[in-house]
Structures are given as structure tokens and as C-alpha cells.
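Trainee: Here's a structure for you.
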Amino acid sequence: MAQRFYFDLTDGNTIIRDEEGVEVDDAQGALEQAEAAVQEMRADGELVGLKGSWKLLVRTSTDTVLSIISI
């Protein structure tokens, strides 16, 4: 059964919440989607100019953080 996962960006002070999320079969699928999203943002130049140490938080609909990926 598909579950919805969300990818929030944070620098420790600011959080940019993902309100849409993605539907995948399991947590492993969410982690794969998160890694792909980071690679796509890098390739598109969306991460250029970010100051500080930004991270991508992978969370469930109940706000449980499954993984933190350094950007």
C-alpha cells in the first residue's frame, strides 16, 4: 500500500516544508526519491548560492523524520 512521504529543506534555522510530498510503496522508495531529488536540484543549479549547511529531511505524514540527507 502506497504511503505519502515529504521532503523538507532546512539549514537548522529555516525550514521549507514540502506540503505536497510523494506517494511511494515504502520508506526505501522514499529514500530513493529523496536522493534523486537532491541530484536533480544539483543538476539544475537550484542549490547554488545556498549559504550554510542545508539538509533534506525525509518525513512521514505524522512528522516522523526517517532520514536526513546533507546537501
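The values are calculated or read from the model by the stated rules, or taken from the named source; none is laboratory data. Quick caveat, the model's predicted, so the values are computed rather than measured. Virtual Cβ from ideal backbone geometry, glycine too; neighbours counted across all protein chains shown. When the accessible area is computed, the model is the full protein with side chains, heavy atoms only, and any ligands, DNA or RNA have been set aside. Shrake-Rupley method; radii C 1.70, N 1.55, O 1.52, S 1.80 Å.
Trainee: Tabulate in residue order the Karplus-calculated ³J(HN,Hα) for region 58-69, using 6.51 cos²θ - 1.76 cosθ + 1.60 with θ = phi - 60°, rounded to whole Hz; enter x for Gly and Pro.
Mentor: These are the phi-based 3J(HN,Hα) values: 9, 9, 8, 5, 9, 6, 7, 7, 8, 7, 10, 10 Hz.
Trainee: Could you tally the net charge around Ser67, taking each other residue with its Cβ under 12 Å from the Cβ of Ser67, Lys/Arg +1 and Asp/Glu -1?
Mentor: Residues near Ser67 contribute -1 overall.
Trainee: Also: Relative to 2.2 N^0.38 Å, what does the C-alpha radius of gyration of the chain come to as a ratio? Two decimals please.
Mentor: 1.07
Trainee: Using a 1.4 Å probe on the protein heavy atoms, what percent of the accessible area of region 1-56 belongs to carbon and sulfur?
Mentor: It is 48 percent, rounded to a whole number.
Trainee: Kindly provide the helix-only [θ] at 222 nm of the chain, computed as the sum of -39,500 (n - 2.57) over DSSP H runs of four or more divided by all residues, to the nearest 500 deg cm²/dmol?
Mentor: -8000 deg cm²/dmol
Trainee: Just to be sure I understand the model, the point goes 7 Å from the Cα along the line to the Cβ. What's the resulting Glu23 to Thr62 distance in nm?
Mentor: It works out to 2.0 nm between the two label points.
Trainee: Take peptides 20-27, 53-60, 42-49, 1-8 and line them up by average Cβ neighbours within 10 Å, highest first, as a rough protection proxy.
Mentor: Answer by packing, highest mean first, reads 53-60, 1-8, 20-27, 42-49.
Trainee: Let me ask you something else. Using modelled backbone amide H atoms (1.01 Å from N, in-plane), which distant-in-sequence or interchain residues come within less than 5 Å of Gly21's amide H?
Mentor: Residues meeting the criterion, in which the H sits 1.01 Å from N, are Phe7.
Trainee: What does the charge count around Asp8 come to, taking other residues whose C-beta lies under 12 Å from its C-beta (Lys +1, Arg +1, Asp -1, Glu -1)?
Mentor: Counting the neighbours of Asp8, the net charge comes to -2.
Trainee: Using 0.36 nm times the number of residues separating Met1 and Leu47, minus their current alpha carbon distance, what extension gain do you get?
Mentor: Using 0.36 nm per residue and subtracting the Cα-Cα distance, I get 13.3 nm.
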